Amino acid sequence: MFSSSNESSGRRPRGVDTRLYFLIGLGTIFGIGHHIDHVVRGNHVGWPLIPEVTVFTYTLIIYPIIVVGIYLTVTERVGVRYWTIVLGGILFAVVITHFGPWATEPPQDVIEPYESVYVGYVAFGWLLTFVISLTAATTYSIHRWILVRNTSS
């Protein structure tokens, strides 16, 4: 189902293959779901839902970056290095925002707003799956970047 390269078409657009596209898509779906979760639980939201510009507002910029990145990848203007930087940046931002001593939106902010603790834990599970999907995508893009660098040398 997923080819590890685009060699069947006779070309390799700078290391981006169907697996990486799949992982980018998967991470995007989990990202959209996490943004929807913010809206449903009603905390840590910002413009365009409320007049205040917040971290939520700034994180919405990732969707145009992904769409433009897909376009630039398909037209062979960017490659796996672009995706390694973008995915790594998103992963870093999500992890420091939700986990660790500097978390501005810690796990309890995801779980506690829901009336049902079970729904809260589903939302938190979604967040964890988002982080896992970003980790997989970033790791795979690093792998592809190294592979491209080694084969072009």
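Can you give me the number of residues within the stretch 61-92 that are among the hydroxyl-bearing types (Ser, Thr, Tyr), touching a Ser or Thr at 6+ places or on another chain (Cβ under 8 Å) and open to solvent by less than 30 Å² (accessible area, probe 1.4 Å)? Walk me through it before giving the result.
Here is the first cut: in the stretch 61-92, the residues among the hydroxyl-bearing types (Ser, Thr, Tyr) are 63, 71, 73, 75, 82, 84.
This time we only want the ones that are touching a Ser or Thr at 6+ places or on another chain (Cβ under 8 Å), so: 63, 82, 84.
Add one more test, that the residue is open to solvent by less than 30 Å² (accessible area, probe 1.4 Å), and what stays is 84.
Of the residues in the stretch 61-92, 1 are among the hydroxyl-bearing types (Ser, Thr, Tyr), touching a Ser or Thr at 6+ places or on another chain (Cβ under 8 Å) and open to solvent by less than 30 Å² (accessible area, probe 1.4 Å).
Scanning the stretch 93-113 for residues that are open to solvent by 40 Å² or more (accessible area, probe 1.4 Å) and part of a loop (DSSP other than H, G, I, E, B) returns 99, 100, 101, 102, 104, 112, 113. Look at the stretch 48-73: where a residue is farther than 30 Å from residue 16 by Cα and a partner is open to solvent by less than 60 Å² (accessible area, probe 1.4 Å) and of a type in the set (Gly, Ala, Ser), sitting 6+ places away or on another chain with Cβ atoms under 6 Å, you get 52/46; 53/46; 54/46. State yes or no: is residue 107 touching a residue at least 12 places away in the same chain (Cβ under 8 Å) and over 21 Å from the mean Cα position of the chain (by Cα)? Judged against the criteria, residue 107 is not a match. Checking each residue in the stretch 51-60 for being assigned to a loop (DSSP other than H, G, I, E, B) and open to solvent by less than 60 Å² (accessible area, probe 1.4 Å) picks out 54, 60. Filter the stretch 22-45 for residues that are of a type in the set (A, V, I, L, M) and not in a loop (DSSP other than H, G, I, E, B) and give the result. Result: 23, 24, 26, 29, 32, 36, 39, 40.
The residues in the stretch 1-36 that are modelled with pLDDT under 95 and surrounded by 14 or more Cβ atoms within 10 Å (Cβ to Cβ) can be counted, and the count is 6.
Residue 117 meets the stated requirement of being surrounded by fewer than 17 Cβ atoms within 10 Å (Cβ to Cβ) and either closer than 14 Å to residue 41 by Cα or among the acidic types (Asp, Glu) (or both).
Yes or no, residue by residue, for (1) β-branched (Val, Ile, Thr); (2) more than 19 Å from residue 29 (Cβ to Cβ); (3) modelled with pLDDT under 95:
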residue: 84; (1), (2), (3): yes, yes, no
residue: 87; (1), (2), (3): no, no, no
residue: 106; (1), (2), (3): no, yes, no
residue: 119; (1), (2), (3): yes, yes, no
residue: 145; (1), (2), (3): no, yes, no
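Taking first residues from the stretch 128-153 that are in contact (Cβ under 8 Å) with a residue 40 or more places away in the chain and closer than 30 Å to residue 109 by Cβ and partners that are part of a helix (DSSP H, G or I) and aromatic (Phe, Trp, Tyr), the Cβ contacts under 7 Å between residues at least 6 apart in sequence or on separate chains come to 129/30; 130/30; 133/30; 141/83. The single condition from (1) surrounded by 13 or more Cβ atoms within 10 Å (Cβ to Cβ); (2) closer than 23 Å to residue 142 by Cβ; (3) in contact (Cβ under 8 Å) with a residue 24 or more places away in the chain that residue 44 fails is (2).
The values are calculated or read from the model by the stated rules, or taken from the named source; none is laboratory data. Here the structure is a predicted model, which means the values were calculated and not measured. Cβ atoms come from the backbone with ideal geometry, glycine included; neighbour counts cover every protein chain shown. The accessibility values were calculated without ligands, DNA or RNA, using every heavy atom of the protein model including side chains. Shrake-Rupley method; radii C 1.70, N 1.55, O 1.52, S 1.80 Å.
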